[in-house]
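Peer 1: Have a look at this one.
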Amino acid sequence: MEEQQGRQAARREWRTTTDHIMALPDRAAVAIAVGAAQRLMDEYLGLPEENRNSFILGWRLVLELLWKLLSGESPDADKELRQRMEQYFSGPYSYLLADDALPGSDENAPAAAIYAAEAYCNQSATSACAAAQRLVDAASQNADRRSDDPMSTEAKAMRIRFELEEIRRIAGAVAVLERQGITDGSLGELHAIFARPMRDEKEKGTDPFSDK
């Protein structure tokens, strides 16, 4: 029962958060997507060099271009970003190839970056939500990696707690943009919000509703 209540609470918070993302102006929705993708990329960069994939690392530049475009108009950055997306969709990694695509695009970091770029190119809040969803998915996977028994009550509670942590991180970033819009100050706040490390589960106890 407690697990079910926790899962329902997470779903409610996520639905509310995505509703707010969908209501943001286009550039603000893109900023949420870029922040989520950057957090995932930073996590990926923490892996040992021998475990990194060159295709995934290539999306760092796309995120750099997106941050630049959020800071102000840049025809050169816009052109380069769109060219890179055209190359991706015409290449062997494109998710449009489904099962025939080379592995890589389905990883959380590049997938979120791809969705963020789509959110920018297509002015799509739906793509922005998809990028943010990848951050929540990654939180669940991180919880599973820390558990010896993913089916245990403790593991399920940890999974919900980790998901809520990221949902509330995203919601906090949305609130900043709702108050301030896209400014140098709000983008700085987004960088800080998405760079904030996840607290150790031992510090947070076992309450899946706890976020403090």
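No value in this document is a laboratory result; all are computed from the given coordinates. Predicted model only: the values in this text are computed from it and were never measured. Cβ: placed from backbone, ideal geometry, glycine included. Neighbour counts: every protein chain shown.
Peer 1: How much length is gained on full extension from Phe89 to Glu50, taking 0.36 nm per residue of separation minus their Cα-Cα distance?
Peer 2: Gain on extension, Phe89 to Glu50, equals 11.4 nm.
Peer 1: On to the next question. Under a GNM of the chain (C-alpha, springs under 10 Å), which listed residue has the highest mean-square fluctuation: Pro25, Pro48, Pro103?
Peer 2: Result for the chain, Cα springs under 10 Å: Pro48 fluctuates most.
Peer 1: If I model a spin label as a point 7 Å beyond the Cα along the Cα-Cβ vector, how far apart are those points for Asp137 and Thr153 in nm?
Peer 2: My value for the distance between the label points is 3.1 nm.
Peer 1: Rg/Rh for the chain: what does it come to with C-alpha atoms and Rh from Kirkwood?
Peer 2: Over the Cα atoms of the chain, Rg/Rh equals 0.98.
Peer 1: In the Gaussian network model of the chain, springs joining C-alpha atoms below 10 Å, which of Leu187, Leu97, Leu61 carries the largest mean-square fluctuation?
Peer 2: Between Leu187, Leu97, Leu61, it is Leu97 that shows the largest mean-square fluctuation.
Peer 1: On to the next question. What is the dipole size for the chain, taken about its Cα centre, with +1 at each Lys and Arg Cβ and -1 at each Asp and Glu Cβ, in debye to the nearest 20?
Peer 2: That gives the chain a dipole magnitude of about 460 debye.
Peer 1: Name the residue farthest towards the positive end of the dipole of the chain from the options Ile182, Pro48, Gly104, assuming +1 on Cβ of Lys and Arg, -1 on Cβ of Asp and Glu, about the Cα centre.
Peer 2: Ile182
Peer 1: Where in the chain are the DSSP H helices whose C-alpha atoms run 24 Å or more along the long axis and whose mean Kyte hydropathy is at least -0.5?
Peer 2: 26-44, 125-145, 153-180
Peer 1: List the residues whose amide H sits under 5 Å from the amide H of Leu45, counting only those 5 or more places along or on another chain, with H placed 1.01 Å from N in the peptide plane.
Peer 2: Answer set, sorted by chain and number: none.
Peer 1: Per-residue ellipticity at 222 nm for the chain, helices alone: DSSP H runs ≥ 4 residues times -39500 (n - 2.57), over residue total, nearest 500 deg cm²/dmol? Don't skip to the end; give the middle numbers.
Peer 2: On the way: 10 runs with 153 residues, N = 212.
Helix-only estimate at 222 nm: -23500 deg cm²/dmol.
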